[in-house]
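Report on the following structure.
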Amino acid sequence: MKAPCHIAIIMDGNGRWAKARALPRAMGHRQGMEALKRTLRAVRERGVEYLTVYAFSAENWDRPEEEISDLMELLRIYIRAELAELHRDGVRLRFIGDLARLPADVRKMINEAAELTAQNTSGTLVVALSYGARQEIIRAARRLAEQGAAMNEENFAAALDTAGIPDPDLLIRTSGEMRLSNFLLWQTAYTEFVFTDTLWPDFGAKDLDAALAEFQQRERRYGKRGTMAQ
Ligand code: FPP
C-alpha cells in the first residue's frame, strides 16, 4: 500500500471541542496544537513526505483580538518547544501565506525556523499562516506580471507560495464541514478529499489511518478514463 506523498489538513473544530466541555476557546486551540504534534508524528511514521496544515486563515484576522493573540502565542509556544526536535529529526519547516501581516516577532521566529531547517530532508511541515488561496493566486499573478514571465501552468505554480512543493494527494477536513474555505485552491485540482466528523483536538493516528484507507480505495484518474470504464 503506497502512502500519499503529501497530505493537507484543515484543522477545524477547536472551538466546538472547547464549547462542548465548557472550556475557553483557547483551550480548544491548545489541544489542537497537541493534535498537530501527534498527527505530524503519525504522518511521518507512515512515510508521508509533506504535511500542510491550515493554522491561520486570512479570514481569521476578523476574529476577536483576544483569540488572534491566543493563536499567535500558541505559534510562539509551538516553535519554541518543538523546533529543536523537528530539526534533529530532519524535518524542514515552510510557511505560506501573507506573512507580512504577522507580528514582527512571530515573523522573525518563523523566518529563522525556515532558514535553520531549509536543508533538512526527512519530511516537510508546511504551515499556512495568514493564508488565503485567492490572495495567494493574486500575489502569484502579480509576480509573474512584474517579471514579464509567460502565463503558463508551470510558471504560475512556481510563483505560488507553495513553489517546489508537490500538490497534495489527500486533503482531510475535520469537524464535519465540507468546504475548502479558501485553502490551496490551485493546488487541489486533483486532490482526493476526505471529511471526518472528528473535531481536530480529538484527531489522532486512528483517524489518519481511516482517511488513508479511504484514500487507498479511490481510483485517481486525473481526468483520464479509469480501469472500470468500458
Ligand atoms: C479552526 O477551529 C482552527 C483554527 C482557526 C486554528 C488552528 C490552530 C491550531 C490547531 C493550533 C496549532 C497550530 C500551530 C501551528 C501552533 P475553529 O476555532 O474554527 O473551531 P470551530 O469551528 O469549532 O469554532
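Compute the FRET efficiency between Thr121 and Asn155 as 1/(1 + (r/R0)^6), taking r as their Cβ-Cβ distance and R0 = 25 Å, and round to the nearest 0.05.
Step by step, r from the Cβ atoms, then E = 0.40.
Over all alpha-carbon pairs in the chain, figure out the percentage whose distance exceeds 29 Å.
27 percent
Report the dimensions of the range 151-208 along its three principal axes from the alpha-carbon atoms, largest first, rounded to Å.
Principal axes ranked by extent give 42, 21, 17 Å for the Cα atoms.
Each residue of the range 5-16 in turn: what ³J(HN,Hα) in whole Hz from Karplus with 6.51, -1.76, 1.60 and θ = phi - 60°, glycine and Pro shown as x?
For the range 5-16, the Karplus curve yields 7, 9, 10, 10, 10, 9, 7, 10, x, 4, x, 5 Hz.
Reachable lysines from Lys37, Cα under 27 Å, same-chain residues fewer than 8 places away excluded?
Lys2, Lys19, Lys108, Lys206
Given q = 0.16, 0.21 Å⁻¹, what are the Debye log10 I(q)/I(0) values for the range 107-163, with equal point scatterers placed on the Cα positions and solvent ignored?
-0.64, -0.92
What does the charge count near Gly97 come to, summing +1 for each Lys or Arg and -1 for each Asp or Glu among other residues with Cβ under 14 Å from its Cβ?
+1
To the nearest 500 deg cm²/dmol, what mean residue ellipticity at 222 nm is calculated for the chain from DSSP H runs of n ≥ 4 alone, each contributing -39,500 (n - 2.57), summed and divided by the residues?
That comes out to -14500 deg cm²/dmol.
Around Glu192, which amide H atoms from residues at least 5 apart in sequence, or from another chain, sit under 5 Å from its own amide H, with H modelled in the peptide plane?
Amide H to amide H, under 5 Å and 5 or more residues apart or across chains, Glu192 pairs with Leu170, Leu171.
Over 20 Å, how big is the tail of the calculated P(r) for the range 1-105, in percent of all Cα pairs?
45 percent
What ³J(HN,Hα) values, in whole Hz, does the Karplus curve 6.51 cos²θ - 1.76 cosθ + 1.60 give for the range 135-151 when θ = phi - 60°, with x put for Gly and Pro?
Values per residue, Gly and Pro as x: 5, 4, 5, 5, 4, 5, 4, 4, 4, 4, 5, 4, 6, x, 7, 5, 7 Hz.
Any number yet on Rg/Rh for the range 51-171, C-alpha, Kirkwood?
Across the range 51-171, the Cα-based Rg/Rh ratio is 0.98.
Convert each backbone phi in the range 203-210 into a coupling constant with the Karplus relation 6.51 cos²θ - 1.76 cosθ + 1.60 (shift: θ = phi - 60°), then list the ³J(HN,Hα) values in order as whole Hz, x for Gly and Pro.
Using θ = phi - 60°, the values come out as 5, x, 4, 5, 5, 4, 5, 5 Hz.
Using just the C-alpha positions of the range 102-230 as equal point scatterers, what log10 of I(q)/I(0) does the Debye formula give at each q in 0.09, 0.20, 0.21 1/Å?
Here log10 of I(q) over I(0) equals -0.37, -1.36, -1.38.
Taking amide H positions as placed 1.01 Å from N in the peptide plane, with prolines and chain starts having none, which residues 5 or more places from Ile9, or on another chain, fall under 5 Å of its amide H?
Excluding prolines and chain starts, which carry no amide H, the hits are Thr52, Val53, Tyr54, Ile172.
Name the long-range amide H neighbours of Tyr131: under 5 Å, sequence gap of 5 or more, or other chain; modelled H, no Pro or chain starts.
Phe56, Ser57, Ala58, Asp98
Taking the Cα atoms of the range 1-43, report the difference between the largest and smallest coordinate on each principal axis, in whole Å and largest first.
Extents along the principal axes, in whole Å: 41, 15, 13.
No value in this document is a laboratory result; all are computed from the given coordinates. Everything quoted here is computed from the prediction, not taken from an experiment. Glycine gets a Cβ as well: all are built from the backbone with ideal geometry, and neighbour counts include every protein chain shown.
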